[in-house]
Amino acid sequence: MERVSELLLYCRPGFEAECASEISAVASGAECGDGYVVATLPADLGAEEVDRAADWRRSIFARQRLPVFARAEGLSRADRLTPILAAIAQRGERWCDAWVEAPDSDAGKALAPFCRSFGNALRGAMKNARLLDVKSPQRLHAFFPQSTKVYLCSADVATSSPWPQGIPRLKFPREAPSRSTLKLDEAVIVLLNEDERARWLQSGMSAVDLGAAPGGWTWQLVRRGLLVVAVDNGPMDAVLMESGQVTHAREDGFRYRPKKSVDWLVCDMVEQPRRVAALMAQWLAEGRCRRAIFNLKLPMKKRWDETQLCLSILRDAVGADADVRAKQLYHDREEITVFAQRA
Ligand SMILES: C[S@@+](CC[C@H](N)C(=O)[O-])C[C@H]1O[C@@H](n2cnc3c(N)ncnc32)[C@H](O)[C@@H]1O
């Protein structure tokens, strides 16, 4: 096993370059795999900076960010457990759990049965060796990009994604009008913490949903008790309209403005990202909404540049100390989802 000072990042396959560009602010180099990136950290990077770099919530394109402490290639298929157990025992640390993972790529999906069975074997062996302690703030990750190659990482539970592979597996609610509903559901879980969800999404609050039809996002707001103006020229789901909590405005989402300020603006219009960012910035800057969640559909090329441009449009309009959080969610495709509120 080789001891290393690297950061392992999981991402959506096809977005490795964006993930690498994002970490380049702190990393001295990055190597892209299929669905993951390995970034080298400069030797003089302080512990606090490493912790910040590994904080999953700070990243847009990484689903997970993990400090690597050892890696090995050419493992024997007959016995992968012995060298891995030796490397983790040598570290002198205990972990609350151990996750065995593979990338979210075709090659990674083929490794899923192995990850399951090896995970059981590893946790069993760690228990016998007294390397597991439920009270430990650290979680062990054994990441297999191939069946004979492993990265061993020690993650801080507080700052790493709480889902294996960084993927929240949400169940599609049968009553929801569209699969897009999962995007807003995931955005609320990933971009807001528990306390914020409880305080900011309360029954009786008001929302505007731009590009709402057929109503998957509106459905998420309605189920939390919000009153929604759904703006779209397309038809809304009839059952959702029967909730009595939705007003359908057949208008252009770029022109529509509410008579009174609303608690939430959400937007899933398929439009140029910088146009959507400017519209969201305008609503927030003019005080037309308190908070917004919206999708930015990224172009085929220069997606990192476009992301930075859109976020700077927002910050310029809303204030440098505005709260802006962006993430490429698991249910996002060629897009990212942004939460923003004025300072
Ligand atoms: C991806 S779909 C929205 C799906 C919706 N969020 C859901 O969960 O069911 C995009 C919607 O944006 C609408 N749209 C696109 N441009 C618009 C505009 N300028 N004004 C209003 N709606 C627009 C389209 O009619 C379409 O229904």
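The values are calculated or read from the model by the stated rules, or taken from the named source; none is laboratory data. Remember, it's a predicted structure, so these values are computed and weren't measured experimentally. Positions of Cβ are generated from backbone atoms using ideal geometry, with glycine treated the same way; all protein chains shown enter the neighbour counts. Side chains included, ligands, DNA and RNA excluded: accessible areas come from the protein's heavy atoms. Shrake-Rupley method; radii C 1.70, N 1.55, O 1.52, S 1.80 Å.
Observations on the structure shown:
- Residues of the stretch 47-84 classified as surrounded by 20 or more Cβ atoms within 10 Å (Cβ to Cβ) and under 18 Å from the mean Cα position of the chain (by Cα), total: 12
- Every residue from the stretch 95-113 that is surrounded by fewer than 17 Cβ atoms within 10 Å (Cβ to Cβ) and part of a helix (DSSP H, G or I): ASP106, ALA107, LYS109, ALA110, ALA112, PRO113
- Condition check for GLU271 on (1) within 18 Å of ALA317 (Cβ to Cβ); (2) open to solvent by less than 20 Å² (accessible area, probe 1.4 Å); (3) not basic (Lys, Arg): one failure, at (2).
- One residue stands out among those in the stretch 315-340 that are open to solvent by less than 30 Å² (accessible area, probe 1.4 Å) and out of contact with any helix residue (DSSP H, G or I) (no Cβ under 7 Å at 6 or more places or on another chain): the one that is farthest from PHE294 (Cα to Cα), which is GLY319.
- Restricting attention to the stretch 220-232, the residues that are within 13 Å of the ligand (Cβ to nearest atom) and outside any helix (DSSP H, G or I) total 5.
- Search result, residues across the stretch 161-203 that are within 16 Å of the ligand (Cβ to nearest atom) and among the hydroxyl-bearing types (Ser, Thr, Tyr): SER178, SER180, THR181
- Residue match in the stretch 204-219 (condition: touching an Asp or Glu at 6+ places or on another chain (Cβ under 9 Å), more than 8 Å from the ligand (Cβ to nearest atom), at pLDDT 95 or above and closer than 22 Å to LEU296 by Cα): yes
- When restricted to residues that are part of a loop (DSSP other than H, G, I, E, B) and either surrounded by 12 or more Cβ atoms within 10 Å (Cβ to Cβ) or at negative phi (or both), the stretch 233-250 contains 9.
- Filtering the stretch 119-133 for residues that are in contact with a Cys (Cβ under 7 Å, 6 or more places away or on another chain), more than 27 Å from ASP185 (Cα to Cα) and not in a helix (DSSP H, G or I) leaves a non-empty set.
- Within the stretch 251-267, considering residues that are away from the ligand (no atom under 14 Å from the Cβ) and in a loop (DSSP other than H, G, I, E, B), the one farthest from ARG290 (Cα to Cα): LYS259
- For the stretch 289-333, the candidate set comprises residues that are modelled with pLDDT of 95 or more and among the acidic types (Asp, Glu); within that set, the residue that is farthest from ARG197 (Cα to Cα) is ASP305.
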